[in-house]
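Structure record follows, encoded as structure tokens.
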Amino acid sequence: MKNLLNRYRRFLLTALILLVAFLTYAMNLRNRDHANPVERTVMSMTAPVAGSAASATGFLSDIWNNYIDLIDVRRENIELRKSVKRLNERIVANNEAIAANLRYKQLLELKESVAIPSVAVSVIGEDSSAWFKTLVVDRGAADGLAEGMPVVAAGGVVGRLVKVAPHSSRVLLLTDHASAIAAIVQRTRARGVVRGAGGGRCSMEFTVKDEDVKVGDTVISSGIGGVFPKGLPIGEVNMVKKGEYGVFQTIEVRPLVNIGQLEEMLVLVRQRDE
């Protein structure tokens with residue numbers, strides 16, 4: 001008998017456990033509102049494990065949710081950067097359009113104020129060398145332009161055309177050493193010739209010492225020579241020196257036009273027909 005029990009011990013133990021479980025289940029069916037001793041024991045043993053499992057599950061869930069949130073934040077950050085870039089591009093384009101409209105308005109006002117036929121040109125290039133300083137514009141002989149025609153901007157005289165191709169031209173600036181414009185001081189009508197001195201400067205030559213010329217006087221074209229019409233603003237006197245010897249004054253003139261910022265100009269075309 002003892003040998004039989006030892007041989008089937010595992011099966012008998014399993015059957016006993018199943019029987020206890022069945023009886024516990026049967027007892028629980030009758031009283032669902034209250035836990036029996038076995039249930040309380042099982043709950044006490046499993047509660048810490050269940051709590052730890054719940055905590056671990058919550059921790060992993062938080063990590064996953066934070067990871068998803070980071071991905072969403074990164075995606076939103078990329079989209080925001082793209083939006084900011086597009087807005088900045090629009091702001092730059094709008095500012096450029098406003099500046100262009102202002103320049104075109106000033107050019108139109110100049111065109112209406114000058115009672116001479118003119119052609120609007122835009123700067124497309126710049127040529128600097130040891131001897132000449134010129135700007136390249138986008139109009140030429142096909143548009144009715146010819147060499148020697150004066151070029152003006154909203155502030156005053158720019159220079160004159162020196163080389164004209166079918167669809168482009170070069171403008172010799174009034175600050176170039178090769179440039180010379182017959183001029184007068186607007187306040188006193190003192191005469192002279194404005195020559196380019198290089199470096200963005202001009203000088204007024206052949207003005208006798210007896211003539212009244214002061215710093216701040218405006219210099220305009222005199223109309224003598226037939227190239228530039230009379231009355232075009234050229235520059236402002238910023239230095240006058242009357243030497244002890246000699247006949248003429250030394251006068252430095254600052255051009256009214258900012259050559260370095262020119263983009264659009266007018267070419268006066270009347271002289272071609274005369």
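For segment 226-238, the count of residues that are in the same structural domain as R139 (by the TED database), more than 30 Å from N101 (Cβ to Cβ), assigned to a loop (DSSP other than H, G, I, E, B) and free of Cβ contacts under 8 Å to residues at least 40 places away in the same chain is at least one. Criterion first (open to solvent by 30 Å² or more (accessible area, probe 1.4 Å) and within 19 Å of V151 (Cβ to Cβ)) does V227 satisfy it? So V227 passes the test. The single condition among (1) assigned to a strand (DSSP E or B); (2) at pLDDT below 95; (3) charged (D, E, K, R) that E252 does not satisfy is (2).
Every listed requirement among (1) at pLDDT 90 or above; (2) touching a strand residue (DSSP E or B) at 6+ places or on another chain (Cβ under 9 Å); (3) assigned to a loop (DSSP other than H, G, I, E, B) is met by H167 save one, (2).
The residues in segment 144-175 that are open to solvent by 10 Å² or more (accessible area, probe 1.4 Å), aliphatic (A, V, I, L, M) and either in contact with a Phe, Trp or Tyr (Cβ under 7 Å, 6 or more places away or on another chain) or over 23 Å from E112 (Cα atoms) (or both) can be counted, and the count is 3. Within segment 131-149, the presence of a residue that is among the aromatic types (F, W, Y), at pLDDT 90 or above and assigned to a loop (DSSP other than H, G, I, E, B) is excluded.
Can you confirm whether V136 is surrounded by 20 or more Cβ atoms within 10 Å (Cβ to Cβ), within 33 Å of the chain's Cα centre (by Cα) and of a type in the set (A, V, I, L, M, F, W, C)? The answer is no for V136. Taken as a whole, the condition of being touching a residue at least 60 places away in the same chain (Cβ under 8 Å), under 30 Å from S122 (Cβ atoms) and open to solvent by 20 Å² or more (accessible area, probe 1.4 Å) does not apply to L266. Counting the residues of segment 97-107 that are surrounded by 11 or more Cβ atoms within 10 Å (Cβ to Cβ) and either closer than 17 Å to V267 by Cβ or modelled with pLDDT of 75 or more (or both) gives 4.
Within segment 170-189, the residues that satisfy the criterion of being over 40 Å from the mean Cα position of the chain (by Cα) and of a type in the set (D, E, K, R) are R187, R189.
The condition of being in the same structural domain as D127 (by the TED database), open to solvent by less than 80 Å² (accessible area, probe 1.4 Å), out of contact with any Pro (no Cβ under 9 Å at 6 or more places or on another chain) and farther than 29 Å from V123 by Cβ holds for only one of V213, V193, that being V213. Checking each residue in segment 108-128 for being open to solvent by 70 Å² or more (accessible area, probe 1.4 Å) and either among the aliphatic types (A, V, I, L, M) or over 20 Å from Q261 (Cβ atoms) (or both) picks out L108, E112, S113, A115, P117, I124. Being part of a loop (DSSP other than H, G, I, E, B) and either surrounded by fewer than 18 Cβ atoms within 10 Å (Cβ to Cβ) or of a type in the set (D, E) (or both) is the filter here; which residues of segment 239-249 pass it? K242, G243, E244, Y245, G246, V247 - these are the residues of segment 239-249 that are part of a loop (DSSP other than H, G, I, E, B) and either surrounded by fewer than 18 Cβ atoms within 10 Å (Cβ to Cβ) or of a type in the set (D, E) (or both). Among the residues of segment 178-224, the one identified as part of a loop (DSSP other than H, G, I, E, B), free of Cβ contacts under 8 Å to residues at least 40 places away in the same chain, touching a Lys or Arg at 6+ places or on another chain (Cβ under 7 Å) and not charged (D, E, K, R) is S179.
Taken as a whole, the condition of being at pLDDT 95 or above and open to solvent by 50 Å² or more (accessible area, probe 1.4 Å) does not apply to E274.
The values are calculated or read from the model by the stated rules, or taken from the named source; none is laboratory data. Only a predicted model underlies this, so the values are computations on that prediction, with no experimental measurement involved. Glycine gets a Cβ as well: all are built from the backbone with ideal geometry, and neighbour counts include every protein chain shown. Only protein heavy atoms, including side chains, enter the accessible area calculation; ligands, DNA and RNA are left aside. Shrake-Rupley method; radii C 1.70, N 1.55, O 1.52, S 1.80 Å.
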